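First the structure, in the form of structure tokens, and then the observations on it.
The values are calculated or read from the model by the stated rules, or taken from the named source; none is laboratory data. Computed from a prediction, not measured in an experiment: that's the story for all the values here. All Cβ positions, even for glycine, are placed from backbone atoms using ideal geometry, and neighbour counts span all protein chains on display. Remember, those area values only see protein heavy atoms, side chains included, never the ligands or the DNA or RNA. Shrake-Rupley method; radii C 1.70, N 1.55, O 1.52, S 1.80 Å.
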Amino acid sequence: MDERLQQYDDKMKKAYEFLESDYGTIRAGRANPHVLDKIRVNYYGTPTPIQQVGNVTVPEARIIQIAPWEKSLLKEIEKAIQTSDLGINPTNDGNVIRLVFPELTEERRKDLAKEVKKKAEDAKVAVRNIRRDGNDYFKKLGKAEVSEDEIKQLEDSLQKLTDRYIKDIEALMDVKSKEIMTV
């Protein structure tokens, strides 16, 4: 691949990967430890991801269990989860914290499916903006050292790249929507 195209491929890939990680934080009826990815615990004055202060496991389909490496962190982890937008009350038994995920209602599933669709649209817009930036850059090249045919070829390649990422984003959206709507 042309090094002039490579930078735009990398940017589009980052947009896709961001969407993928964002989808990991959307809970779909089953317990998924990635819903904790954005939650930070105050660990000796430093905001630290929960996965770095304890062992996160999924003992059952709808339960996440957090066993902190230091018992003193139980209250901090509990507080971080309560103040997050997770919407689940943690239970603390003095050794571990358990998060029990209730079954999603039909209405909540539809809301989550809309959210999934909106995030996919945002990712597609990001990919299209990257394509626009690339085309602008190629046009500027044209005035200096590149033939019009070469510019046209670069723009066509960038369009194919854009189409591929848009298709991948839509496939990812379909999989996540299906996962959410499955009871």
Of the residues in the range 1-17, how many are buried (at least 16 other Cβ atoms within 10 Å of the Cβ) and not acidic (Asp, Glu)?
-> 7
Within the range 110-130, can you find the residues that are among the basic types (Lys, Arg) and open to solvent by less than 60 Å² (accessible area, probe 1.4 Å)?
-> LYS119, LYS124
In the range 67-111, what count of residues is obtained for those that are in a helix (DSSP H, G or I) and either β-branched (Val, Ile, Thr) or touching a strand residue (DSSP E or B) at 6+ places or on another chain (Cβ under 7 Å) (or both)?
-> 8
The range 82-109: number of residues that are over 29 Å from MET181 (Cα atoms) and open to solvent by 60 Å² or more (accessible area, probe 1.4 Å) = 2
Matching residues, the range 60-81, being within 13 Å of ARG40 (Cβ to Cβ) and open to solvent by 40 Å² or more (accessible area, probe 1.4 Å) | GLU76, LYS79
Do we have any residue at all in the range 142-165 that's loosely packed, with under 14 Cβ neighbours inside 10 Å and hydrophobic (A, V, I, L, M, F, W, C)?
-> yes
Here are THR48, THR57: which of them is open to solvent by less than 30 Å² (accessible area, probe 1.4 Å), assigned to a strand (DSSP E or B) and among the hydroxyl-bearing types (Ser, Thr, Tyr)?
-> THR48
